[in-house]
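S.K.: Here it is, the structure in full.
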Amino acid sequence: MNNSLPRPIRVMLVNDLRIVLWGLEKLVQSQNPRMELAGSAFDAAGAATIIYQTPVDLILIDLDGDIEVDSIAELCSISPARVLALSGSRDFSLHDSAILAGARGVVTKSEPIESLLKAIEKVHEGEFWIDRAATSRIFLHLSQRTKPEHETPAQLRVASLTRRERQTVSEISKDAAASGKMIAERLNISENTLRNHLSSIYAKLGISSRLELFAFAKLNMITAQPLS
């Protein structure tokens, strides 16, 4: 047995359009051993049941039926699995809402199958599957949402960061779409250490995601302090 082979990405599908769901199931199963089907659900409640019963790495959720964007936030609150949204709509507000709810990207159904498979792999690796235009729109929204009413509380929160945490924030603020692996390599730390830093940073700044951190850092001009 070759233990060096990477573990397949365990993909769960959430889709209330049964014909589309059947096709996605066949697609994921065809990618063995790169991917494996962790389960399929018709709604967020069914997805939650699967999450509590079996390990899931990535949740692919279709927004074209009766499943609403709020389901993304609900699933993100109970599972560390990364979420990728799928939609046939070209409504950018829907795409942006999915990202703001916690999805790492949106794939449109007009894109080639290869794009969907690549998006699954990239999101699983910790990257965002969003283009520059979407990043700009989302940043503007987050800037308006996270802008503090008073400057002093924000300054106090920033002042609570350690030098290493400020360096981490500064690095992330350079590129909102950089993967965790890339950020860790730039900081010369492990991905596990980066996750620990981010947990502490989120708690201190009162935010909950990398995109919110990106917006907060830009608004408050957080820069790195020398570590020496």
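S.K.: Can you tell me which residue in segment 160-185 is nearest to Gly105 (Cα to Cα), limited to those that are touching a Phe, Trp or Tyr at 6+ places or on another chain (Cβ under 7 Å) and either open to solvent by 30 Å² or more (accessible area, probe 1.4 Å) or in a helix (DSSP H, G or I) (or both)?
M.R.: Only one residue fits best here, namely Ala177.
S.K.: Please list, ordered by first then second residue, the pairs with beta carbon atoms under 6 Å, 6 or more apart or interchain, first in segment 198-225 and outside any helix (DSSP H, G or I) and among the polar types (S, T, N, Q), second modelled with pLDDT of 80 or more and open to solvent by less than 30 Å² (accessible area, probe 1.4 Å).
M.R.: Listed pairs, sorted by first residue: Thr223/Ser170.
S.K.: While we're looking at this one, here's another question. With Ser93, Ser89, Ser110 as the choices, which residue is within 25 Å of Arg132 (Cβ to Cβ), without any contact (Cβ under 8 Å) to a residue 12 or more places away in the chain and surrounded by fewer than 18 Cβ atoms within 10 Å (Cβ to Cβ)?
M.R.: Going through Ser93, Ser89, Ser110 in turn, just one is within 25 Å of Arg132 (Cβ to Cβ), without any contact (Cβ under 8 Å) to a residue 12 or more places away in the chain and surrounded by fewer than 18 Cβ atoms within 10 Å (Cβ to Cβ): Ser93.
S.K.: While we're on this one: Here are some residues: Ser87, Ser97. Which one is touching a Lys or Arg at 6+ places or on another chain (Cβ under 8 Å) and of a type in the set (Gly, Ala, Ser)?
M.R.: Numbers: Ser97 fails: touching a Lys or Arg at 6+ places or on another chain (Cβ under 8 Å).
Testing whether each residue is touching a Lys or Arg at 6+ places or on another chain (Cβ under 8 Å) and of a type in the set (Gly, Ala, Ser) leaves just Ser87.
S.K.: Still on this structure: Just the residues that are free of Cβ contacts under 8 Å to residues at least 24 places away in the same chain and under 16 Å from Glu212 (Cβ atoms), please, taken from segment 179-194.
M.R.: Within segment 179-194, just Ile183 meets the criteria.
S.K.: Same structure, new question: Can you tell me how many residues in segment 114-152 are open to solvent by 60 Å² or more (accessible area, probe 1.4 Å), assigned to a helix (DSSP H, G or I), of a type outside the set (Gly, Ala, Ser) and at pLDDT below 85?
M.R.: Number satisfying all stated conditions: 9.
S.K.: Right, next: Restricting attention to segment 60-78, which residues are in contact with a strand residue (DSSP E or B) (Cβ under 7 Å, 6 or more places away or on another chain), without any contact (Cβ under 8 Å) to a residue 40 or more places away in the chain and surrounded by fewer than 21 Cβ atoms within 10 Å (Cβ to Cβ)?
M.R.: Within segment 60-78, just Cys76 meets the criteria.
S.K.: Starting from segment 39-54, take each residue that is farther than 18 Å from Pro8 by Cβ and outside any helix (DSSP H, G or I) and list its partners that are open to solvent by 30 Å² or more (accessible area, probe 1.4 Å) and not small (Gly, Ala, Ser), counting only C-beta distances under 6 angstrom and pairs at least six apart or across chains.
M.R.: Partner pairs satisfying both residue conditions: Phe42/Asp16.
The values are calculated or read from the model by the stated rules, or taken from the named source; none is laboratory data. What you see is a predicted model, and the numbers here were worked out from it, not measured in a lab. All Cβ positions, even for glycine, are placed from backbone atoms using ideal geometry, and neighbour counts span all protein chains on display. For the accessible areas, the whole protein counts, side chains as well, though only heavy atoms, and no ligand, DNA or RNA atoms are used. Shrake-Rupley method; radii C 1.70, N 1.55, O 1.52, S 1.80 Å.
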